[in-house]
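First up is the structure itself, then whatever we jot down about it.
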Amino acid sequence: MIATTPVHPDAPELADYCAGLFGIYVHVPFCTAKCGYCDFASFDGMSDLAGTYVEGLCQEVSKSGISSCDTVFVGGGTPTSLGPDLLGKLIAAIPRSDEAEVTVEANPESLTADVAIAAAAAGANRISIGMQSALPHVLKSLGRRHNFGAVAAAVDAARGAGIGRLNLDLIYGAPGEALADWRQSLDAAIALDPGHISAYSLTVEAGTKLWRQVRDGHCRAPDDDSQAEKMSVAAEILANAGYVRYEVSAWAKPGEACRHNLMYWGGGEYRGFGSGAHSHIGGTRFWNHRDPRSYLSDLGVLSAGSERITSEIEVFDRVSLGMRRAAGVSISELPRGCEGAIDFLSGAGLVLATDGRLRPTAKGFALGNEIVIRLLSVAGSEC
Amino acid sequence: MPRTERIRNFSIIAHIDHGKSTLADRLLEITGAISERDMRDQVLDTMDLERERGITIKAQTVRIPYTSPDGREYILNLIDTPGHVDFSYEVSKSLDACEGALLLVDAAQGIEAQTLANSYLAVGAGLEIVPVLNKIDLPAADPETAAAEISGLLGIDTSQILLASAKTGEGVPEILEAIVERIPSPSGEANVALRALIFDSYYDQYRGVISSIRVVEGELRSGIRVKMMATGASHEAEEIGVLTPAMTPVKSIGPGEVGYLIAGIKDVSQAKVGDTVTLAENPASAPLPGYQEPKPMVFCGLYPIDGGDYPELRVSLEKLSLNDASFTYEPETSKALGFGFRCGFLGLLHMEIVKERLEREYGMALVTTAPTVEYRAVMRNGDTRVVRTPTDLPSSGELDAVEEPMVRATILTPSEYLGPVMELCQARRGEQERLEYLSQARVEIVYRLPLAEIVVDFFDALKSRTRGYASLDYEPAGHEAANLVRVDVLLAGDPVDAFSSIVHREKAYAYGKAMVSKLRELIPRQLFDIAIQAAIGGRVIARETVKAKRKDVLAKCYGGDVSRKRKLLERQKEGRKRMKQIGSVEVPQDAFISALRIDS
């Protein structure tokens, strides 16, 4: 199937193809230490639960009756913190087709050679490494415990285990990060030659340690102008290095786009296993208990919450997720009556309407909320 | 019909928070006028707004049967009065319906400016004042100082001042006795032509206008045809009754009695506060004295955020005016805001109340422009024009002079804040008329001030300078010529009429600068740079720029985030709906008022 898959990361054909895939997301909620900016369902100091958790998760998978999928994403938390045996067991338990993309998220310090080998043996074929920055003072300000040497070692471990598809996650805008620091991190990531690089603007999420620090005046939230500057620097440096931007924060070389994420942004269906995992199946979104102990008490039998996707929400998600992609959205699938908004956004240089599709420009990637709000603020907002 | 010598009509004069509603509740409770089952806090404040703000907007009356310890039975009519300077005419009419008033003063706070002003009104109307110091249960209560102050201000012997706690009920029986002993019973012939005072009118959607009335002389019988002497309107008295406080129909109401009248009237402007009700067949020869047409003092533009809601706004204003004869509206067009109405109000609180009622009860989303006062433009050719909208100010070439309305403001303040209060009044172009120490600790200052200088934020500024201790009362004091100019505001090069203001020339430059910098904070960043300029007659005096925004996108959005991020975006989308599109610029709904709150 990979041979027939479109290779250009920003091709509409690839976006449409991935929207039709079925995905499985597996959540590993454990971390050695919780990072100051993180608001995901992850917990430190619970690793003694790991064995029970993997056991329970395997039960949830088998009870679900799902027999196959096209993409798997094992995220967290820190999946690699499970160690080789549990991680291998967990990956092996996920039903999937032979050609499926199987991504595992990793922290540089826990992606050791034995973990990488175990993951590869269990079927992982893509690894996403949380590099974040190449500079010690930026890593420190993000509350990360690794150094750049650990990132290089993790990349070697993955490759040594035969996993060639790699992503490096970067974050810009940490307190104390200069523009030159950011360039240096980008260069360092590129020098490791991964097929995929994600560059995220640091977001101060309510309730995180970072949020409290900003609230109490201990540090300043990154301001939108300098973040915009860093985003455009990333776009320029990554483009020069041969990476194609196919989403707000995602760049890939040909054939290296993450199909699992394109599935999300295309409104595809997926089933999430594990604590806090979300699912989207048959017009409903539902999710498991966020707390691992609550999750283990019922193993996803009773979802913690659910939401019926009404036609209005369907349109909202299609536009808000779809316009994150370089491939944009087919104009015929936009809300009726939004021609005025398209004209306005084109005039302002945020979108391009070509070949029946509406796509964000470089400026539009940065002003995605404006695009979404204007496209959806038209009478009726229905297709 | 009770004999007049067993009737007592009284009101309670009190400052906000001094415990008027609590005392009223206690009087009803002790006399058994209201059953425990129906008892809830602030029985008399019926509007949600009144309960929330702790003030009385519409007057309420209640008939309290009272048996004194000597066994005699009385009818006590408590006539509640509105408690704000905006409604002083309504207060005076409520007082006219009484023979006496309880002057209720917080024993910890002492008397406040408005209470004092109302007490003088009551004394002027010949009412017997029964002073009561309330909240004596509080540790901070200082009844001696408060009593000395009241005695000095109103010439009442301190031995006549009652002590009470409406909260605990202490001293309340003594208040009831003082009401029957000290307040005179009403007088008035029964066998003469009817004259009854309307001291409140409100519109009920099922029954039409319900007026509170005090029969001064003659007799009002159910079913008889009545005539309003000011408006000339004639109607049948469909139902008359008394308030217990529930509406209880009766056959007739005689001299000295208080009750309500329903006469199939569809609009409160047909039964205005202060008008005299007489009989259509046998009318009185002259109305009761003191009727005034309500006169708006403050004006602003009200515009629907969505221009399509204009017809709905018109209907809402019509309905609201059925219930409020003192607010006026006329259609107005703004280049920036489209079709709307120029509305007149008794004061700022009245304006806020009307706006809030339109939004709450009628579901309107509105833009309110800066409040302004009524200027008089004296033209070169000798004509005089009324200017209620800044854009109506004629060009300086045609003008001979501009006259602005003045007020006489009375401020009571602890003496330690005298300096800051005087500075504030001076900064607002005030001229001191009088300064008097009420005691070592408190001062009464009277200033002549332009009304325009106090309509926006004077009261807030006064409160913040005196840690909330100063109180304010004011009355109109004619018009006066002043050196006034119009400061215009331009957004992205286009003048926005709704932001124009009439300002004293000496303050214009500072005003313009403060205005544009305030607007720069209020207007969110958009896709283009937005120039904000202030100008006088085309000459730019200040400028700021709102820089174009460059980034707003959410960094990450994965499967698990979809529902949460959607909510975030939906909130932002809803926020946009509360923006008014002016040319290419989106302006927040409240900017038109907030921009004016410039710290001075």
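The values are calculated or read from the model by the stated rules, or taken from the named source; none is laboratory data. Please read these numbers as outputs of a predicted model, since none were measured by experiment. Every residue, glycine as well, gets a Cβ built from its backbone with ideal geometry; the counts of neighbours run over all protein chains shown. Quick note on the areas: whole protein, heavy atoms, side chains included, nothing else; ligands and nucleic acids left out. Shrake-Rupley method; radii C 1.70, N 1.55, O 1.52, S 1.80 Å.
Judged by the gyration tensor of its Cα atoms, with axes a ≥ b ≥ c, the stretch B:195-279 is rounded; a/c sits under the 1.5 cut. Placing unit charges on the Cβ atoms of the charged side chains and taking the dipole of the stretch A:2-265 about its Cα centre, the candidate lying farthest along the positive direction among A:C219, A:Q132, A:A161 is A:C219.
Interface burial in the stretch A:314-357 reaches 50 Å² or more for A:F316, A:R324, comparing the full protein assembly with the chain by itself; accessible area from heavy atoms with a 1.4 Å probe.
The string of couplings for the stretch B:365-373 from the Karplus curve (6.51, -1.76, 1.60, θ = phi - 60°) is 9, 10, 9, 10, 8, 4, x, 9, 10 Hz, one whole number per residue in order, with x for Gly and Pro. Relative to the longest principal Cα axis of chain B, at what angle does helix B:348-361 sit, 0 to 90 degrees, rounded to 10? Helix B:348-361 sits roughly 80 degrees off the main axis of chain B. Phi-derived couplings, Karplus 6.51 cos²θ - 1.76 cosθ + 1.60 at θ = phi - 60°, listed residue by residue for the stretch B:156-164: 9, 5, 4, 5, 7, 8, 8, 10, 7 Hz, with x used for Gly and Pro. Taking Cβ atoms as reference points and 14 Å as the exclusive limit, the residues near A:P222 contribute a net charge of -4, counting Lys and Arg as +1 and Asp and Glu as -1.
How many percent of the accessible area of the stretch A:2-265 is carbon or sulfur, using a 1.4 Å probe?
Details: 5150 of 9770 Å².
For the stretch A:2-265, the apolar C and S fraction of the accessible surface comes to 53 percent.
Interface burial in the stretch B:532-558 reaches 20 Å² or more for B:K549, B:R550, B:K551, B:D552, B:V553, B:L554, B:A555, B:K556, B:C557, B:Y558, comparing the full protein assembly with the chain by itself; accessible area from heavy atoms with a 1.4 Å probe. Over the stretch A:2-265, accessible surface divided per residue gives 37 Å², non-protein components excluded, 1.4 Å probe.
For the stretch B:307-344, which trypsin sites (Lys or Arg not before Pro) pass both filters: DSSP loop (anything but H, G, I, E, B) and at most 16 other C-beta atoms within 10 Å? Counting only loop positions with at most 16 other Cβ atoms within 10 Å, the trypsin sites (Lys or Arg not before Pro) in the stretch B:307-344 are B:K335.
Taken per residue, the accessible surface of the stretch A:310-383 reaches 39 Å², heavy atoms only and a 1.4 Å probe.
Taking a ≥ b ≥ c as the square roots of the eigenvalues of the Cα gyration tensor, the protein assembly as shown is prolate, since a/c reaches 1.5 or more and a/b is larger than b/c.
With an 8 Å Cα cut-off and a minimum separation of 6 or more residues, compute the relative contact order for chain B in percent. Intermediate results must be reported in sequence, preceding the final value.
Details: 1297 pairs, mean separation 57.2, N = 600.
Relative CO of chain B lands at 10 percent.
The order of the peptides B:260-272, B:221-233 by mean Cβ neighbours within 10 Å, most packed first, is B:260-272, B:221-233. Among the trypsin sites (Lys or Arg not before Pro) in the stretch A:74-157, those placed in a DSSP loop whose Cβ has at most 16 other Cβ atoms within 10 Å are A:R145.
Of all the options A:G162, A:G267, A:G282, the one that moves most in a Gaussian network model of chain A with Cα springs shorter than 10 angstrom is A:G282. Take every pair of alpha-carbon atoms less than 8 Å apart whose residues are at least six positions apart; their mean separation over the length of the stretch A:310-383 yields a relative contact order of 41 percent.
Add -39500 (n - 2.57) for each DSSP H run of 4 or more in chain A, then divide by its residues: what number comes out at 222 nm, to the nearest 500 deg cm²/dmol? Mean residue ellipticity, 222 nm, calculated: -11500 deg cm²/dmol. Scanning chain B for GluC sites (Glu not before Pro) that sit in a DSSP loop and have at most 13 other Cβ atoms within 10 Å, the longest stretch containing none of them is B:399-600. Look at the alpha carbon pairs under 8 Å that are at least 6 residues apart: their mean separation over the length of chain A gives a relative contact order of 17 percent.
If you roll a 1.4 Å probe over the heavy atoms of the protein chains, what accessible area per residue do you get for chain B, in Å²?
Here the per-residue accessible area is 42 Å².
With Cα atoms defining each centre, the stretch B:265-340 and the stretch B:168-204 are spaced 29 Å apart in the structure.
Rounded to the nearest 500 deg cm²/dmol, what is the calculated helix-only ellipticity per residue at 222 nm for chain B, with -39500 (n - 2.57) per DSSP H run of length n ≥ 4? Calculated mean residue ellipticity at 222 nm is -7500 deg cm²/dmol. Total buried accessible area between B and A, probe 1.4 Å, nearest 100: 3400 Å².
Counting only protein heavy atoms and a probe of 1.4 Å, the accessible surface of the stretch A:310-383 is 53% carbon and sulfur. Between A:A239, A:A191, A:A157, the residue with the greatest mean-square fluctuation in the GNM of chain A (Cα pairs under 10 Å linked by springs) is A:A191. Here chain B exposes an accessible surface that is 47 percent carbon and sulfur, computed with a 1.4 Å probe and the other protein chains kept in place. Largest GNM mean-square fluctuation among A:L352, A:L166, A:L299, using chain A with Cα springs under 10 Å: A:L352. Relative to the longest principal Cα axis of chain B, at what angle does helix B:113-124 sit, 0 to 90 degrees, rounded to 10? Taking Cα atoms only, the helix is inclined about 40 degrees.
Per-residue 3J(HN,Hα) values for the stretch B:282-293, derived from phi via the Karplus relation 6.51 cos²θ - 1.76 cosθ + 1.60 with θ = phi - 60°, read 10, x, 5, 6, 9, x, 5, x, x, 6, 10, 5 Hz in sequence order (x marks Gly and Pro).
Protection proxy ranking of B:377-385, B:558-566, A:322-330, by the mean of other Cβ atoms within 10 Å over each peptide's residues and highest first, is A:322-330, B:558-566, B:377-385.
In the structure shown, the pairs B:K518/B:K565; A:K89/B:K567; B:K335/B:K355 are assessed against 28 Å; a Cα-Cα span above that value is assigned to B:K518/B:K565; A:K89/B:K567. Taking label positions 7 Å along the Cα-Cβ direction at both B:R72 and B:E586, the computed distance is 7.1 nm, reported to one decimal. Only Lys, Arg, Asp and Glu carry charge here, each on its Cβ (+1 for the first two, -1 for the last two); on that basis the stretch A:295-345 has a dipole of about 140 debye about its Cα centre.
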